[in-house]
Amino acid sequence: MEQVGVTNTGFVTKSFATILTDIQSRLQSLFGADIDLTPGSPMRVISELYALELAKVWTELKNVYDMGFILTATGSSLNALAALVGIERDLGTAATGEVTFYRTEVLPAGSASRVIPINTQIQTSEEYPITYYTTETVYFNPLITDEAVPIPTASTTFNTENIIGEIVSIIDNTAVDWTTGATFSSREVTVNGTIPTGRTVYITYKPLSVTASVQSVLESDLANVIANSLTVLPQAISFVHSVANEAEIVTGTNTESDASLRMRIQNAAKSLGKATNPSITTGIRNVDGVSNVIVKELSLTHIQDSFVASGTSDTIPVSEGSVNNVVSVTGSVSGAFEIESFETAAGIVLTTNYQSGETVSVDYYVEDYTPTLGQGIIKVFVSGGQVADIVDAIEEYRAAGIKAVGYGTNSVYAYGEEDYPFSWFYRLEDALIDITVTVYFDPDTTLNAVEKTNIRDHISDEITDFVNNLATEEKLWVSKIIQLAMSVSSEIETVTVNLLQINDVPSETYVASAETEMPVSGTITINEG
């Protein structure tokens, strides 16, 4: 007899043919073997209708069964299973970026500023266009007065915010006039001479462009567009001659797939049992202030070596791997050496030189990220959070016999407590992000100077919090900074980002930390325009 329903191999549905055969058998048992069940007969038609509906019920029963298990659940049912282990499906996000509105000639002298309102639509030129809308109101001004441009290093050139149609004046903060002989191409200005380091130039010019932040209507990576593809204004703007996104916009993301969410549920379920790397990661992530965690398995190899010095130096080259701990360095003439550092590609650095011709013996351990069975060593990297809280989390979630290296290495990057020598962790290098923003208040605002200062301080706090919660390799876009600033007060008319850089490398569109760096707010400056 066919097994149906819940079986050892899962849920087995009853087929339409089997259901129909069973119904007809029951009819013959009730009304006799001579009952007319030939095709087209009334009882045959009725039995087929019942069989069809029951087959649908069996299909739905299997769906209900499947929706109760991680491997077969989909959609909202999988979301419900995820909630049991405290996670949620990552929803798709709209793409955000910037578009530039252009004119072919400057606005007439003395004319009023033109408004490009929030929610202005821009599209691609495809048959089925991708649509974006502006997320801020911007103004096309006939004249931009005293736009401030910092000059960090001596230079003959600098860039303005907008494309230049005509230069009126260029004067720096020491009252030196750079107007005479100045030329321009697009946004780049070339002056007749070299502007000294640390100056700020104030340029007054007639613009041919204005830039606005935009967001896609579609929340998907299908909304991402290449540079210069947003070129259509569905509703013409009389004073705008063309529009385009100067840079690609690639920040749109898809809603997390069932397969990805299913994997995260499985990992979260493992972490609830503790004693695994996912459990340690989850435990540390739950510590207040922690923004990122990396747990790596590794093994330590003991190296004992000696060499005869051919010259005088304070460095011992190491080629076997990343040094984890130095036991000792001893010279046949100099005796025991003091270690200055070993977190360097050069090798082990001593506080004094060894002498030419003496024998130097070195005893140290190196790290290898191809773990050896039985060592039970992990290396934990954490961004944010308090040391004691992180150590407590490692101590709680690591299995007996698992050692988180760091204690006793004398590494300046290792943190922990002597009471917990097997629960130490490392900090990655900070990727300092410097941001300078200019805020323009509504000309009709009634805010006083103190209230404006409080708003600028609030903007600084918002940007700082956002930067400090970025993950490694996550991008910080100019448009996001503008959105954060604009959201603080309705009295703000517009916002410009004058500086966005990481480790002294400026960027016009976004900055992103490296795999070995953690994003950290650097100098956040909020000016009033």
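The values are calculated or read from the model by the stated rules, or taken from the named source; none is laboratory data. Computed from a predicted structure; not experimentally measured. Quick reminder, even Gly has a Cβ in these numbers, built from the backbone with ideal geometry, and neighbours come from all protein chains shown. With ligands, DNA and RNA removed, areas are computed over all heavy atoms of the protein, side chains included. Shrake-Rupley method; radii C 1.70, N 1.55, O 1.52, S 1.80 Å.
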- In this structure, does Gln24 turn out to be more than 55 Å from the chain's Cα centre (by Cα) and either over 30 Å from Asn286 (Cα atoms) or open to solvent by less than 50 Å² (accessible area, probe 1.4 Å) (or both)? yes
- Those strands (runs of 3 or more DSSP E) lying entirely in the stretch 423-529 with at least 1 residues among the hydroxyl-bearing types (Ser, Thr, Tyr) and under 23 Å from the mean Cα position of the chain (by Cα): 429-441, 492-502, 510-512, 517-528
- Confirm whether Thr183 is crowded, with 18+ Cβ neighbours inside 10 Å and either modelled with pLDDT of 95 or more or touching a Leu at 6+ places or on another chain (Cβ under 8 Å) (or both). no
- Might you let me know whether the stretch 473-484 holds any residue that is in contact with an Asp or Glu (Cβ under 6 Å, 6 or more places away or on another chain), within 26 Å of Ser216 (Cβ to Cβ), touching a residue at least 60 places away in the same chain (Cβ under 8 Å) and open to solvent by 30 Å² or more (accessible area, probe 1.4 Å)? no
- Task: Among the residues of the stretch 407-423, write down those that are at pLDDT 85 or above and among the hydrophobic types (A, V, I, L, M, F, W, C).
- Result: Ala414, Phe422
- Task: Only strands (runs of 3 or more DSSP E) wholly contained in the stretch 119-235 count here; list those with 2 or more residues that are under 30 Å from Thr93 (Cβ atoms).
- Result: 121-124, 131-134, 138-140, 209-216, 230-232
- Scanning the stretch 123-145 for residues that are charged (D, E, K, R) and either modelled with pLDDT of 95 or more or surrounded by 14 or more Cβ atoms within 10 Å (Cβ to Cβ) (or both) gives Glu136
- Note on the structure: All conditions in (1) open to solvent by 60 Å² or more (accessible area, probe 1.4 Å); (2) farther than 26 Å from Gln483 by Cβ; (3) β-branched (Val, Ile, Thr) are true of Ile118 except (2)
- Answer yes or no: is there a residue in the stretch 7-15 that is open to solvent by 50 Å² or more (accessible area, probe 1.4 Å), free of Cβ contacts under 8 Å to residues at least 12 places away in the same chain and not polar (S, T, N, Q). no
- Task: Scan the stretch 145-161 and report the pairs whose first residue is closer than 16 Å to Thr438 by Cβ and whose second residue is part of a strand (DSSP E or B) and open to solvent by 80 Å² or more (accessible area, probe 1.4 Å), with Cβ atoms within less than 6 Å and a gap of 6+ or a chain change.
- Result: Asp146/Tyr202; Ala148/Tyr202; Asn159/Glu188
- Among residues belonging to the stretch 313-329 that are over 13 Å from Tyr365 (Cβ atoms) and surrounded by fewer than 19 Cβ atoms within 10 Å (Cβ to Cβ), point out the one that is modelled with the lowest pLDDT. Ser319
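In the stretch 71-84, which residue that is of a type in the set (A, V, I, L, M) and open to solvent by 50 Å² or more (accessible area, probe 1.4 Å) is nearest to Val6 (Cα to Cα)?
Leu71
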- Task: Select from the stretch 424-433 the residues that are open to solvent by less than 40 Å² (accessible area, probe 1.4 Å) and at pLDDT below 90 and list them in ascending order.
- Result: Tyr426, Leu428, Ala431, Ile433
- Query: Restricting the stretch 58-72 to residues that are free of Cβ contacts under 8 Å to residues at least 24 places away in the same chain and not charged (D, E, K, R), which is nearest to Thr18 (Cα to Cα)?
  - Reply: Asn63
- Query: Restricting attention to the stretch 43-57, does a residue exist that is closer than 30 Å to Leu261 by Cβ and either at pLDDT 90 or above or of a type in the set (Asp, Glu) (or both)?
  - Reply: yes
- Task: Answer yes if at least one residue in the stretch 293-308 is part of a loop (DSSP other than H, G, I, E, B) and modelled with pLDDT under 90, and no otherwise.
- Result: no
- Got a number for residues in the stretch 93-118 being outside any strand (DSSP E or B) and among the hydrophobic types (A, V, I, L, M, F, W, C)? 7
